[in-house]
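Novice: Mind looking over this structure? Questions follow.
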Amino acid sequence: MKSSRRMLVPIALVREGEVVRIAGLTGGMGVRRKMIDLGLAPGVIVNVVRNSFYGGPLILEYGGTKLAIGRGLAGKILAEVEA
């Protein structure tokens with residue numbers, strides 16, 4: 001049986017094309033509320049459509065919706081990835 005290890009990283013560090021699960025949110029209550037209102041809650045599976053390490057927003061796709069978020073907000077979303 002293959003053992004898979006997972007670790008938490010900010011979604012801003014996830015590569016384009018990867019599908020990850022949101023594991024947690026950091027930041028103040030206002031920031032967490034905004035993310036939850038956008039549908040970015042723990043447990044949600046998202047596809048990182050665009051993530052240019054040279055800057056600019058990330059584009060995430062989940063539940064039939066595409067959403068562009070800035071790097072500051074993306075740094076507060078913890079994603080579970082394969083180690």
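Novice: Just to verify a result, which residue in segment 1-42, among those that are of a type in the set (V, I, T) and in a loop (DSSP other than H, G, I, E, B), is farthest from K76 (Cα to Cα)? Before you say what the answer is, go through the steps one by one.
Specialist: Of segment 1-42, the ones of a type in the set (V, I, T) are 9, 11, 14, 19-20, 22, 26, 31, 36.
Adding the requirement that they be in a loop (DSSP other than H, G, I, E, B) leaves 14, 26.
Working: V14: 13, T26: 5 Å.
Out of the qualifying residues, it is V14.
Novice: Restricting segment 1-42 to residues that are over 20 Å from P57 (Cα atoms) and polar (S, T, N, Q), which is surrounded by the most Cβ atoms within 10 Å (Cβ to Cβ)?
Specialist: For segment 1-42, the residue satisfying everything is S4.
Novice: I've got another one for you. Among the listed residues R33, R5, R71, identify the single one that is more than 11 Å from the chain's Cα centre (by Cα) and touching a residue at least 40 places away in the same chain (Cβ under 8 Å).
Specialist: On the way: R33 fails: touching a residue at least 40 places away in the same chain (Cβ under 8 Å); R71 fails: more than 11 Å from the chain's Cα centre (by Cα).
Answer to the check: R5.
Novice: Also, I was wondering about something else. When residues of segment 43-68 are filtered for being surrounded by fewer than 19 Cβ atoms within 10 Å (Cβ to Cβ), in contact (Cβ under 8 Å) with a residue 12 or more places away in the chain, β-branched (V, I, T) and outside any loop (DSSP other than H, G, I, E, B), how many remain?
Specialist: The qualifying residues number 3.
A short reminder: the numbers here are calculations on the coordinates, not readings from a lab. Because the structure is predicted, anything quoted here is derived from the model rather than measured. Every residue, glycine among them, receives a Cβ derived from its backbone with ideal geometry; neighbour counts consider all protein chains shown.
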